[in-house]
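The values are calculated or read from the model by the stated rules, or taken from the named source; none is laboratory data. Since we're looking at a predicted model, the values are computed, not measured. For neighbour counting, all protein chains shown are included, and Cβ atoms are generated from backbone atoms with ideal geometry for every residue, glycine included.
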Amino acid sequence: MARWGMAADLDRCNGCGGCVVACHAENNISTVGPEQASRGRAKHWIRVERYWEGDFPDVKLKFRPTMCQQCGNAPCEPVCPTYASHHTEDGLNAQVYNRCIGTRYCANACPYNARFFDFFNPSWEKPLQLQLNPDVSLREVGVMEKCTFCVQRIRGTQTTAKTEGREIRDGEIQPACVQACSTRALVFGDLEDRESEVSRLSRSPRGSKLLEDVGTRPAVTYLARLTEEA
Amino acid sequence: MTHPTGSQINRDLLHPLFNTSWRFYLLVAIFGGIVLFGLATWFTQTVNGYGVTGIRWPVYWGFYVTSFVFWIGISHAGTLISAILRLVNAGWRRPVTRCAEVITAFALIIGALFPIIHLGRPWLAFWMFPYPSERLIWPNFRSPLVWDFFAINTYLTGSLLFLYLPIIPDFAIVRDKSTGLRRKIYGALALGWRGTPKQWHRLETAMQIMAIAIIPVAVSVHTIVSFDFSMAPVPTWNTTIFGPYFVAGAIFSGIAGLLIAMAVLRKFLHLEAYLHPLHFENLGKLMLVMALLWGYFVFNERLVTYYGNEPAEMSVYWRTQSGTFAPLFWTMVICNFVLPLILMGIRRFRTITGCVIASIGVVIGMWLERFLIIVPALGHKYLPYSYGIYRPTPPEIIVASSTFAAMALLYVLFAKVVPIISIWELKAGEHPSPELLPPATEEHRLGDLHL
Amino acid sequence: MKAVYGLYPSGASAQQAVNRLRAAGLADREITILSAQPMEDFEFGHIDKATYMWWFACLGGLVGMSIGFGLSWVTEMSWPINVGGLPTWAWWPNLIIIFELTMLGAILATIITLVVTGLLPSKGQTLYDPEVTDGQILVGVENPVDSRVGDFQKALEAPNGARVKTL
């Protein structure tokens, strides 16, 4: 059984935001417009966090693409009264939209604020509604949604590999953000397979987990940025 | 000071049931109007989407959850205090217990509405029920929200029955005093009560068992409400003090609610002969104790956080101590600690007016306390990129404040159909004058505690 | 003759009436006493005090406890869902469910016992007089043997302030 994980090389990330756009397109994430976005209703399953360090003019800008960390011990899961948020056997932190009644408890429990609430029914500006992904369900008003590691792609590739009677090749599954990353800062794969690229990167001495001390055992590893001083 | 007896008690306490003044209709119209407005607002929120509220990423809980905790807290006035006073057989409890138990019943119903109001998909709230469904899935018994569901339902069932049991003999009184349809209705409600020694014994035994059973349930309810917060790894939430802190706060705000209700009843139903300054003074002392206890818990919570010096917690700490939320925080401290300490600590101020002023302060302060636990922490959760500020919008404010009118409306209606002071318990106490009251424990008219 | 009874203004005279009925050969369970408040200062107020209600409450608690345990055990074990790495059936969280259902069981058992033993009307025990509400204490005999009605009437009339009625 695989355990899916991701590595994000902060040395490569230039903060272009391509992953955010790709994610919106792949996962049918509705945009809410500038007015609602300013009220905190934007839904970016992946976001590029920007942190500035130092005082002007010696300012350093750091980017951190942040998405659901698919925690091993996810705080969002036990708090859900209806099992909408639960753990799959391959280590994914699944969100079943149809079970969700919208208590929003999971979002409060999430240390990464990686969960988003649908404040309104989804809508798209024409002609964007024509490019919806048929593999991903739309979410109605009142449910929580979040990054799934593009579970539709994982399951699709698993099915293909099974019908062809072979194992899944490393790098064969690419979530939309990984696929769109022009600097190849994001790498996705099976952490159980010690030969896979993501597994190799996760063991890198540059690697660390986000908010590791909260005890969530995330599946995403961030590779530290190498600076001149380091 | 006069002390009414026998048929005088019947006359005084049944008076509101048989005589309706224009004031009653006016109150019902006003409160009912506000409640309808609140319901309509909730309806538009459900239809238009939850976005009409001020809830936002990452502050996903706001006014509604604050109100939920607040009302569940208010509900701790009644049944818990009444049960304790019954068990220790405090004689002065007799005129107080029913108006307290009613608060519990209604505050719980209102409080239990808020989790539904705040749901993203309230029409699916029944998925919390443990029933074998076509979806082939049961609720997650490891979720604090499901604990809430069980705890609140147990407490609500227990409280409603605890309220109903001692009303049965009073229903019989109303039945005997009325005619026509009213007689039929009250006759049905009295469940064939006649007043044989056997019935009295069974009723008293049942009340004792209920009193013993309801105390741990009440404590568990607010502990579990606090678990909604302390089970999540949110800075300043994940702490062991929350259980007792919330229970103490609940009783504290509950007493305040009870004092306000008693003062209003005394004034408008002319119950001066039944609700004496002594009752206010005793409850005021109890409120003073709870104010000190509350101060002790807050002191602990603050100091431990400060010395723990955990970065994420400290950012929330400073936010309430001297940042955005500081005005609210210090208002809370004044309302919950300074004000009751002065008014209830100094005998000269421990009058009915003093009690009411302190109680209003405590109700405001305790509402702020819950708000300050929920909102600042959610807005300052670990990653600075995702900090956020919550501002309530009119729909939330309308819905949250209309529940106060709902409470008043339910109370007015209840006082109209049920004697708000337990008639038979008052008679059984032989209405001794408060000055001559024996020490609480020597009073054993309702039987001893069989344990 | 359906009933013969007396109304008494005080507990003491009611006590006398009860004593005289006993002297006339009636057992406690054949005497009907009604009052608008518990009369525990008098001996007659303690008739028929024994009850198993405490035991029924405990029994109800046990039933509730079993339901709580069974509900959480059966539902969680028959569909084990991993949440946050918690054990599928964990004691600590489920103890809360078990506790609440235990208390609910005890409360409901108490109420059921009260209704069944105290409130459901038994056959031939319907004697009532609304004057009880005003503080009169009713002592009487329901469905008396016709030949003895005279004796009972005499017994009931003896105490001070007695007003004897027949139905």
Worksheet item: Only one of (1) within 14 Å of chain B (Cβ to nearest Cβ); (2) not in a loop (DSSP other than H, G, I, E, B) is not met by A:Gln129, so which one is it?
Response: (1)
Discussion item. Which condition from (1) assigned to a helix (DSSP H, G or I); (2) buried (at least 19 other Cβ atoms within 10 Å of the Cβ); (3) not charged (D, E, K, R) is the one that B:Phe141 breaks?
Written reply: (1)
Worksheet item: Pairs, please: C-beta under 6 Å, at least 6 apart or cross-chain, first residue farther than 15 Å from A:Arg47 by Cβ and in region A:8-19, second among the hydrophobic types (A, V, I, L, M, F, W, C) and surrounded by fewer than 17 Cβ atoms within 10 Å (Cβ to Cβ)?
Response: A:Asp11/A:Leu226
Worksheet, complete the sentence: When every residue in region B:205-260 that is in contact (Cβ under 8 Å) with a residue 12 or more places away in the chain and not in a helix (DSSP H, G or I) is compared, the one nearest to the chain's Cα centre (by Cα) is B:Ile241
Worksheet entry | Enumeration of residues in region B:345-387 that are surrounded by fewer than 20 Cβ atoms within 10 Å (Cβ to Cβ), of a type in the set (Val, Ile, Thr) and either within 14 Å of another protein chain (Cβ to nearest Cβ) or not in a helix (DSSP H, G or I) (or both) | B:Ile346, B:Thr351
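For region A:103-124, does any single residue satisfy the condition of being surrounded by fewer than 19 Cβ atoms within 10 Å (Cβ to Cβ) and away from chain B (no Cβ under 12 Å)?
Of region A:103-124, the ones surrounded by fewer than 19 Cβ atoms within 10 Å (Cβ to Cβ) are A:120-124.
From what is left, the residues that are away from chain B (no Cβ under 12 Å) are A:124.
Yes, because at least one residue in region A:103-124 is surrounded by fewer than 19 Cβ atoms within 10 Å (Cβ to Cβ) and away from chain B (no Cβ under 12 Å).
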Worksheet item: Within region B:143-151, can one find any residue that is closer than 24 Å to C:Val116 by Cβ, touching a helix residue (DSSP H, G or I) at 6+ places or on another chain (Cβ under 9 Å) and free of Cβ contacts under 8 Å to residues at least 60 places away in the same chain?
Response: no
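May I ask you to say which residue of B:Arg135, B:Arg121 is surrounded by fewer than 24 Cβ atoms within 10 Å (Cβ to Cβ), over 17 Å from the mean Cα position of the chain (by Cα), over 28 Å from C:Ile67 (Cβ atoms) and facing another protein chain (nearest Cβ under 10 Å)?
Numbers: B:Arg135 fails: over 28 Å from C:Ile67 (Cβ atoms).
Every option except B:Arg121 fails the conditions.
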Worksheet item: Just to be sure, is C:Phe152 more than 10 Å from chain B (Cβ to nearest Cβ) and in contact with a Leu (Cβ under 8 Å, 6 or more places away or on another chain)?
Response: yes
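Quick check on region A:43-56: of everything there that is closer than 17 Å to B:Pro384 by Cα and in contact (Cβ under 8 Å) with a residue 24 or more places away in the chain, which residue is surrounded by the most Cβ atoms within 10 Å (Cβ to Cβ)? Explain how you work it out, then say what you get.
Residues of region A:43-56 that are closer than 17 Å to B:Pro384 by Cα, as a first pass: A:44, A:46-54.
Now drop any that are not in contact (Cβ under 8 Å) with a residue 24 or more places away in the chain, which leaves A:44, A:46-48, A:50.
Numbers: A:His44: 21, A:Ile46: 24, A:Arg47: 21, A:Val48: 18, A:Arg50: 11.
For region A:43-56, the residue satisfying everything is A:Ile46.
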Discussion item. Would you confirm whether or not region C:78-98 contains a residue that is modelled with pLDDT of 90 or more, in a helix (DSSP H, G or I) and more than 14 Å from chain A (Cβ to nearest Cβ)?
Written reply: yes
Item to complete: May I ask you to say which residue of C:Met65, C:Met103, C:Met39 is buried (at least 17 other Cβ atoms within 10 Å of the Cβ) and outside any helix (DSSP H, G or I)?
Response: C:Met39
Worksheet item: Out of (1) polar (S, T, N, Q); (2) loosely packed, with under 15 Cβ neighbours inside 10 Å; (3) outside any loop (DSSP other than H, G, I, E, B), what's the single condition that is false for A:Ser182?
Response: (3)
